[in-house]
Each structure stands twice: as structure tokens, then as C-alpha cells.
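Undergrad: Here you go, one structure.
The values are calculated or read from the model by the stated rules, or taken from the named source; none is laboratory data. Note that this is a predicted model, so its numbers are computed, not measured. Cβ placement follows ideal geometry from the backbone for every residue including glycine, while neighbour counts extend to all protein chains displayed. For the accessible areas, the whole protein counts, side chains as well, though only heavy atoms, and no ligand, DNA or RNA atoms are used. Shrake-Rupley method; radii C 1.70, N 1.55, O 1.52, S 1.80 Å.
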Amino acid sequence: MGLSLDALERVVAGNKIYARKATEQDPQFFKTLATGQSPEILWIGCADSRVPETTVCNCQPGDIFVHRNIANCLHADDLSASSVVEYATTHLKVKRIVVCGHTKCGGANAALGDADLGPTLNTWLLPLRELRRKHKGELESLADDDAKAVRLAELNVQQSLDVLRKHPTVSKAINERGLTLHGMIFDIAAGELRVLDQAKKGNGLWTAPQ
Amino acid sequence: MASQDVAKYLKESHDRIFENNREWAAEQKAKDPEFFTKLSAGQEPDYLWIGCSDSRIPAEQITGLGAGEVFIHRNIANLVCNTDLNVMSVVNYAVRHLKVKHIIVCGHYGCGGVKAALTPQDMGLLNPWLRNIRDVYRLHENELDAIADESKRYDRLVELNVVEQCRNIIKTAAVQQSYATNGFPIVHGWVFGFQDGLLKDLKVDHEKMLRDIQKIYNLTQG
Ligand SMILES: [Zn+2]
Ligand SMILES: [Zn+2]
């Protein structure tokens with residue numbers, strides 16, 4: 001088949017450049033990395049290619065433990081995300097969990113529409129459509145589709161934080177060692193992270209009420 | 001640290017994220033004033049990356065890819081489980097809607113998830129997830145048991161786990177149907193090594209793997 005390998009070669013070449021540069025800057029870089037990880041942050045974000053957490057936070061490898069899925073959804077019965085949360089909280093003892101939604105989210109947009117997305121995505125996005133139903137009045141009062149999608153993304157982040165708070169290990173870590181939960185929205189058009197609730201903001205930080 | 005100090009420290013290091021983010025955004029705008037406007041118009045990534053949640057392997061940085069270029073799913077030990085709606089939604093969306101050309105499963109040596117799975121211990125909530133890695137071990141028991149050196153055996157399990165997850169992706173209806181119609185996506189298995197920061201290609205033969213699994217798992221008929 002006539003599929004060009006250029007795209008793949010680019011990644012391979014990109015990795016070689018990355019490895020060379022990182023070693024040039026700090027000959028011990030990979031040796032240090034190999035000894036283990038102790039990230040302070042667990043990031044739960046969207047799989048969307050435009051929101052690379054470590055890049056947009058100008059962080060380094062080793063800083064952020066990551067779970068990314070369609071529309072940064074957290075469902076209490078999702079074993080994949082629960083395992084990530086459990087591992088990060090119990091074993092890595094992260095200090096903060098960030099749930100980050102974003103503007104122009106394809107998942108939020110899809111949940112606002114009534115198209116049949118096939119059995120897999122219909123099921124995955126069911127909780128988002130449920131949120132849409134619950135907040136129908138508010139969403140319909142918004143002027144355009146982008147604003148509706150942002151609002152649904154915000155509601156979804158809040159719901160994910162609720163799920164997190166009910167996670168037994170998380171609630172224990174909140175009480176015992178001061179783990180904090182944070183909701184954010186990444187504004188793609190501005191390239192900036194925004195705290196979810198400006199009204200409750202302190203020091204550029206929004207902490208979910210316990 | 002006293003609890004007040006801890007709170008202050010947390011606040012400061014959290015603020016750092018926002019400061020860093022503003023720096024990054026300003027840098028991108030300086031390089032290309034239209035960067036975020038273009039980004040905002042939509043995404044057309046060529047790649048789907050399925051990697052480990054491990055903080056040391058940010059996919060975009062280690063491949064030199066920028067924002068907008070790679071759709072990302074990361075979980076504990078880069079697993080692709082048949083009954084996991086989370087990963088299946090990602091594969092489905094990436095293949096059917098974004099029409100990615102390549103799917104990369106990337107594991108890494110020194111994976112804590114793989115190590116935990118080899119530990120004879122009750123890991124509570126993590127048991128069912130890690131069980132998938134133990135199953136990979138059982139599938140390749142003879143080969144793995146023959147490796148005397150423990151760290152080499154563990155490295156090999158990391159590789160075999162990646163290959164097994166590639167096979168799991170190829171088993172999906174989305175990948176089989178898209179490949180039959182379009183000739184893509186092609187599935188690749190890689191492992192990231194901390195020794196040199198390089199990606200090792202496990203040379204998964206997509207065509208052959210597809211043919212082999214289709215004897216039993218053929219889902220091309222709509
Ligand atoms: Zn999204
Ligand atoms: Zn890992």
C-alpha cells in the first residue's frame with residue numbers, strides 16, 4: 001500500500017535529536033531518570049493532540065504522571081483510570097491531582113450533538129450526555145456552540161473531581177496528607193491554562209471544595 | 001515540614017505550572033503569532049500514541065512532536081484490554097474519526113507497572129489491571145523462565161507486553177476495517193530506554209500479525 005513512512009521517520013529522527021540534546025545539556029540526565037520517578041502531579045487530561053501536558057506546563061520528564069482519555073472523563077467504574085489514580089496516590093504519593101478539560105473538545109462537541117457515534121463512543125460519552133441533559137437550560141441559553149462546549153467541559157471537570165473525591169484512597173490522602181484536587185481548562189486559542197472557578201481562585205489556584 | 005509550610009509549598013509549586021504555561025504560550029506566540037489560532041481550528045494528528053502513565057515519558061517531548069501532532073492515551077503499563085471502554089474509545093475515535101496513519105504502542109524498560117505485576121503480592125484495586133501483565137507472562141512462560149538474569153527477564157517482559165498490546169489493537173474491528181479500506185493505520189511497537197533516551201523499534205510486522213490473528217479474530221465484515 002502506498003502509505004508514506006515519512007511521518008514515522010520524523011518521529012524516529014525527532015527522538016534521536018531529543019536524546020542527543022538532553023545528554024548534551026546534562027550527561028547524567030537519563031541516568032538520573034532511570035533511578036525512578038517521584039512526580040508531584042497526576043494529570044488527568046483529554047487525549048486531544050493539542051493539549052500535551054508536559055509541554056504546555058513547560059515541565060520536564062519526571063514531573064507529571066499522566067492519564068489521558070477521550071474528553072478527560074472519570075467514571076467510578078472505569079478500571080483503567082481508577083488504577084492510575086490508585087497507583088499515583090498510594091505508591092507515588094502525588095501531592096496534587098489535576099483534571100484538565102479544554103476548549104474545542106471533540107468529545108464535548110460530540111456529546112452536545114445527537115449523532116450515533118457507534119456503540120463504543122456512545123457508551124463512553126453517555127455520562128457527558130447525561131450532564132448535558134441535567135444542565136439543558138443553562139447550556140441552551142448560551143450563545144454559540146463553542147460556549148456550550150466549554151461549559152460542558154467545565155461541568156465534566158467538576159463531575160470528575162466529584163468522582164475523585166469519592167475514591168477511597170483519594171479521600172484518605174486528602175485527609176491524612178493534604179492531597180489537593182484541581183480543576184482547569186486549557187484554552188487552545190490562547191494557549192493558556194485557566195483555573196476552573198475564578199471566583200474561588202486564590203494565588204492562581206483553584207482547589208475543589210472538600 | 002509543618003503543615004502550614006506544606007500548604008505554602010504546594011501553592012508555590014502549583015503556581016509554577018501557571019507561570020511555566022504562560023512562558024510556554026508566550027514563546028510559541030513569539031515563534032509563530034498564528035500558532036494558537038491554527039491549533040484552535042482543529043486537530044489532524046497522524047499518530048495515536050498509547051504509552052505508560054509514567055512521568056518520565058512525555059510522548060511529545062521524547063519524539064520532538066509539537067502540540068496538535070499526536071493523539072495520546074496513557075495508562076498503567078500501556079495496556080490495551082479488550083473490555084476496557086476507556087482505551088477502546090480512544091482507538092475508535094483515533095481510527096474512525098481522526099483517521100490516524102500510525103498507532104504506536106510504547107512501553108519502557110524499568111516500568112513500575114510491569115514490576116508490580118511480577119511481585120507476588122496482593123495489590124488491592126490494582127490486581128485486576130496488573131493481571132493482564134501476568135497473563136502476558138503466562139503466554140510466554142517458557143521463553144521468560146529460560147532467562148536466568150532477573151533484570152533481563154523483566155526487560156523482556158516489557159517488550160513482550162508491548163507486542164501483545166499491538167496484537168490487541170490489531171484485533172479491533174476499527175483497525176481491521178480501516179486497514180482493509182485505506183491501508184492504514186499501521187501498528188508499531190516501541191520501547192523507551194532510560195539508558196540513552198532512545199526508542200527501540202521492536203519491529204512488529206503489522207501485515208503478518210494481522211494475517212495471523214484474522215484466522216480467529218477477523219472482524220472486517222461490517
Ligand atoms: Zn478533548
Ligand atoms: Zn511504566
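Undergrad: What accessible area per residue, rounded to a whole number of Å², is obtained for chain A using a probe radius of 1.4 Å? Don't skip to the answer; put the middle values down first.
TA: On the way: 8960 Å² over 210 residues.
It amounts to 43 Å² per residue over chain A.
Undergrad: For chain B, which whole-number percentage of the solvent-accessible area (1.4 Å probe, protein heavy atoms only) is attributable to carbon and sulfur atoms? Working shown, then result.
TA: Values: 4940 of 10010 Å².
Answer for chain B is 49 percent, counting heavy atoms of protein chains only.
Undergrad: May I ask for the distance between the Cα centers of segment A:109-130 and segment B:151-222, given as a whole number of Å?
TA: 28 Å
Undergrad: When all protein chains stay in place, what accessible area (Å², nearest 10, 1.4 Å probe) is found for B:Ser178?
TA: 20 Å²
Undergrad: Moving on to the next point. Only Cα pairs under 8 Å and at least 6 apart count here; give the relative contact order of chain A as a rounded whole percent. Walk me through the numbers on the way to the answer.
TA: Details: 270 pairs, mean separation 42.3, N = 210.
Rounded, it is 20 percent for chain A.
Undergrad: Chains A and B: what accessible area do they bury, summed, in square angstrom to the nearest 100, with a 1.4 Å probe? Each step should come with its number before you reach the end.
TA: Details: alone 12410 and 13470 Å², together 18970 Å².
About 6900 Å² of accessible surface is lost on pairing.
Undergrad: Evaluate E = 1/(1 + (r/R0)^6) for A:Asn122 and B:Gln195, where r is the Cβ-Cβ distance and R0 equals 45 Å; express this FRET efficiency to the nearest 0.05.
TA: Values: r = 44 Å, r/R0 = 0.98.
E(calc), rounded to 0.05, equals 0.55.
Undergrad: Which shape class applies to segment B:43-217: rounded if a/c is under 1.5, otherwise prolate when a/b exceeds b/c and oblate if not, where a ≥ b ≥ c are the square roots of the Cα gyration tensor eigenvalues?
TA: Judged from the Cα gyration tensor, segment B:43-217 comes out prolate (a/c at least 1.5, a/b above b/c).
Undergrad: Please find, in a Gaussian network model of chain A (springs between Cα atoms separated by less than 10 Å), the residue of A:Lys104, A:Lys16, A:Lys31 whose mean-square fluctuation is greatest.
TA: A:Lys16
Undergrad: Please label the shape of chain A as rounded, prolate or oblate, based on the square roots a ≥ b ≥ c of the eigenvalues of the alpha-carbon gyration tensor (a/c under 1.5 means rounded; beyond that, a/b larger than b/c means prolate, else oblate). Walk me through the numbers before you get to the answer.
TA: Values: a/c = 1.79, a/b = 1.25, b/c = 1.44.
Verdict is oblate for chain A.
Undergrad: Using a ≥ b ≥ c from the Cα gyration tensor of the protein assembly as shown (square roots of the eigenvalues), is it rounded, prolate or oblate, where a/c under 1.5 gives rounded and otherwise the larger of a/b and b/c decides, a/b for prolate?
TA: Numbers: a/c = 1.39, a/b = 1.18, b/c = 1.18.
Rounded, since a/c falls under 1.5.
Undergrad: Here's a follow-up. Can you tell me the dipole magnitude for the protein assembly as shown around its Cα centre, using point charges on the Cβ only (Lys, Arg +1; Asp, Glu -1), in Debye to the nearest 20?
TA: Values: 51 positive and 54 negative charges, 86 e Å.
So the magnitude is around 420 debye.
Undergrad: Ignore the peptide's own chain and count Cβ atoms of other chains within 10 Å of each Cβ in B:144-154; give me the average, rounded. Please report the intermediate quantities before stating the final value.
TA: Working: counts 0, 0, 0, 0, 0, 0, 0, 0, 0, 0, 0.
Counting Cβ atoms of other protein chains within 10 Å of each residue's Cβ and averaging gives 0.
Undergrad: Among B:Glu44, B:Glu23, B:Glu69, which one shows the biggest mean-square fluctuation in a GNM of chain B, springs joining Cα atoms closer than 10 Å?
TA: B:Glu23
Undergrad: Considering only B:Phe36, B:Gly193, B:Asn182, whose Cα is most displaced toward the positive end of the charge dipole of chain B, charges sitting on Cβ of Lys, Arg (+1) and Asp, Glu (-1)?
TA: Value: B:Asn182.
Undergrad: For peptide A:16-27, what's the mean number of Cβ atoms from other chains within 10 Å of each residue's Cβ? Don't jump to the answer; show the numbers that get you there.
TA: Working: counts 5, 2, 9, 8, 3, 2, 4, 2, 0, 0, 0, 0.
Partner Cβ neighbours, averaged per residue: 3.
Undergrad: Using the structure shown, list the pairs from A:Lys31/A:Lys95; A:Lys95/A:Lys136; A:Lys148/B:Lys38; A:Lys16/B:Lys29; B:Lys115/B:Lys203 with a Cα-Cα distance above 28 Å, or answer none. Each step should come with its number before you reach the end.
TA: On the way: A:Lys31/A:Lys95 25 Å; A:Lys95/A:Lys136 35 Å; A:Lys148/B:Lys38 21 Å; A:Lys16/B:Lys29 26 Å; B:Lys115/B:Lys203 24 Å.
Violating the 28 Å limit, Cα to Cα: A:Lys95/A:Lys136.
Undergrad: For chain A, build the charge dipole from Cβ charges (+1 Lys, Arg; -1 Asp, Glu) around the Cα centre, then report which of A:Ala71, A:Gly118, A:Val85 sits farthest towards its positive end.
TA: A:Val85
Undergrad: Suppose R0 equals 41 Å; then what is the FRET efficiency for A:Asn109 and B:Ala180 from their Cβ-Cβ distance, rounded to the nearest 0.05? Working shown, then result.
TA: Working: r = 29 Å, r/R0 = 0.70.
The calculated FRET efficiency here is 0.90.
Undergrad: Additional query: Among the residues of segment B:72-102, which ones have their accessible area go down by 30 Å² or more when all the protein chains sit together, as opposed to their chain alone (1.4 Å probe)?
TA: B:Ile72, B:Arg74, B:Ile76, B:Leu85, B:Asn86, B:Ser89, B:Asn92, B:Tyr93, B:His97, B:His102
Undergrad: Which residues of segment A:71-94 bury at least 10 Å² of accessible area once all protein chains are present, versus their chain alone (1.4 Å probe)?
TA: A:Asp78, A:Leu79, A:Ser80, A:Ser82, A:Ser83, A:Val84, A:Glu86, A:Tyr87, A:His91
Undergrad: In addition: Relative to the Cα centre, what is the charge dipole magnitude of chain A, using +1 at the beta carbon of each Lys and Arg, -1 at the beta carbon of each Asp and Glu, and rounding to the nearest 20 debye?
TA: Working: 25 positive and 25 negative charges, 115 e Å.
My answer is approximately 560 debye.
Undergrad: Build a GNM of chain B with springs between Cα atoms under 10 Å: which of B:Gln61, B:Gln177, B:Gln43 gets the top mean-square fluctuation?
TA: B:Gln61
Undergrad: Turning to a different aspect of this structure: Taking every residue in B:35-42, how many Cβ atoms of other protein chains lie within 10 Å of its Cβ, on average? Each step should come with its number before you reach the end.
TA: Numbers: counts 1, 7, 3, 1, 7, 9, 3, 4.
Averaged over the peptide's residues, the number is 4.
Undergrad: First compute the accessible area of chain A with a 1.4 Å probe, then give the percent of it belonging to carbon and sulfur atoms. Intermediate values should be presented prior to the final figure.
TA: On the way: 4700 of 8960 Å².
C and S atoms contribute 52 percent here.
Undergrad: Efficiency by 1/(1 + (r/R0)^6): what FRET value for A:Glu130 and A:Thr35, r their Cβ-Cβ distance, R0 = 56 Å, to the nearest 0.05? Working shown, then result.
TA: Working: r = 44 Å, r/R0 = 0.79.
Plugging the Cβ-Cβ distance into 1/(1 + (r/R0)^6) gives 0.80.
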